[in-house]
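The values are calculated or read from the model by the stated rules, or taken from the named source; none is laboratory data. What you see is a predicted model, and the numbers here were worked out from it, not measured in a lab. Quick reminder, even Gly has a Cβ in these numbers, built from the backbone with ideal geometry, and neighbours come from all protein chains shown. Remember, those area values only see protein heavy atoms, side chains included, never the ligands or the DNA or RNA. Shrake-Rupley method; radii C 1.70, N 1.55, O 1.52, S 1.80 Å.
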Amino acid sequence: MDGGTETLVQKVALSMVPGVNADLVRNLMERGIACSDFFTMDCSDERFREECSLPRGAAFDSMHRDEALFRARKEVEFMQRHGIRAYSLYDEDYPMLLREIPDAPVVLYKLGNANLDSEKLISIVGTRRPTNYGTGFCSRLVDEIGGYFPESVIVSGLAYGIDSASHIAALERGLQTVGVVAHGLDTVYPAANRDLAGRMVRSGGAIVSEYPSGTRIFQGNFLKRNRIIAGLSHVTVVVESEIRGGAMSTANTAFNYSRDVMALPGRISDRMSEGCNLLIRKNKAGMITMAADMIEQMNWKPLGMHGSAPLQRNLFPELQGKEAQVYELLRHHSEPLTADAIFQATNIHISELMTILTELEFDAIITKLPGSRYTLA
């Protein structure tokens, strides 16, 4: 192997040594210890172990290091055959946001050309059993994001449900999309998403993992990979989740990383909205009903916008029927109107009118004032 390949082997091997984690690699780098030095130095020296904060009992003897080098050579051969790239914490082009998290993967493998340092990296996660409400929102949100920010990258976990819906919506909108998996890049799980994964890679996206080829499917790895989904992204959006869903793990991890989190609210009677509603109630997530909400929270400026002009929510032309009737009535009145006044003016049955007013308020089109008075938001 040439020098560059051997250096790559050492970086991959470092991630395969039992006990090596991001903290250790950062300690090595701070002390100017190259990756190659790790495989030749005396790791049993007590002073060295104390300076680098090596965990007690870590297997850094020559046998374990030689075994890691042997496995790494096989892995690099696999990577070269399949066009896979590996980012090491030692590399300057390691994804910037991911490098910031405390438990960053020592090595990240990538198949595909997606830009992991895009200015707009948005993860969208949720239940594997979504309703039409959730999948419809995914399609609409990604379509709106693509209109505002064509360079955006959509990140998710390549699982059934909301993950797949997000990836598919990104492909339909012409956006790069990244699937973070919990196994090696020699397989796709679930198998039904192999075609989707291939489309993602061919369309400029990528599949990424911290696991080398041959890694068996293990349930615990799926929770570990959620930190990568959260760590790669500027903002994590949760679309439908039970309270104990995997998406909640991603959301809580993102929150703990001080990253922005947003959640799609739902009816209190809907089990698949319980997690999202809880995140909003606990102030761990902002409420999102459209891309404009995210853009406002993130303080992003869409193409063509200058200064600090607020983003206009372009929903009003979509109102139809009685909703449009109520909107037009409020639009032509400078003063707020009571529900009774709206009823008198529109002759909409009072129970139906209250439902319409609630939905318009929920969509941030109107605002309810004290005294049950309504005005445009």
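Structure above, values below:
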item: Considering residues of region 339-377 that are of a type in the set (Gly, Ala, Ser) and open to solvent by 60 Å² or more (accessible area, probe 1.4 Å) only, the residue farthest from MET294 (Cα to Cα); result: ALA345
item: So ILE268, is it hydrophobic (A, V, I, L, M, F, W, C), part of a helix (DSSP H, G or I), open to solvent by 10 Å² or more (accessible area, probe 1.4 Å) and free of Cβ contacts under 8 Å to residues at least 24 places away in the same chain; result: no
item: Residue check for ALA72: under 20 Å from GLY19 (Cα atoms), open to solvent by less than 10 Å² (accessible area, probe 1.4 Å), touching a residue at least 24 places away in the same chain (Cβ under 8 Å) and out of contact with any Pro (no Cβ under 6 Å at 6 or more places or on another chain); result: yes
item: Scan of region 141-168 for residues that are open to solvent by 50 Å² or more (accessible area, probe 1.4 Å), in a loop (DSSP other than H, G, I, E, B) and not acidic (Asp, Glu), ordered by number; result: PRO150, TYR160
item: Any hit, region 100-115, residues being touching a Phe, Trp or Tyr at 6+ places or on another chain (Cβ under 6 Å) and open to solvent by less than 20 Å² (accessible area, probe 1.4 Å); result: yes
item: Residue among VAL201, VAL178 that is under 26 Å from VAL20 (Cβ atoms) and outside any loop (DSSP other than H, G, I, E, B); result: VAL178
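Here is a yes/no grid of residues against (1) aliphatic (A, V, I, L, M); (2) at pLDDT 85 or above; (3) in a loop (DSSP other than H, G, I, E, B):
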residue: GLN10; (1), (2), (3): no, yes, no
residue: ASP23; (1), (2), (3): no, yes, no
residue: MET29; (1), (2), (3): yes, yes, no
residue: SER36; (1), (2), (3): no, yes, no
residue: CYS43; (1), (2), (3): no, no, yes
residue: PHE48; (1), (2), (3): no, no, no
residue: GLY57; (1), (2), (3): no, no, yes
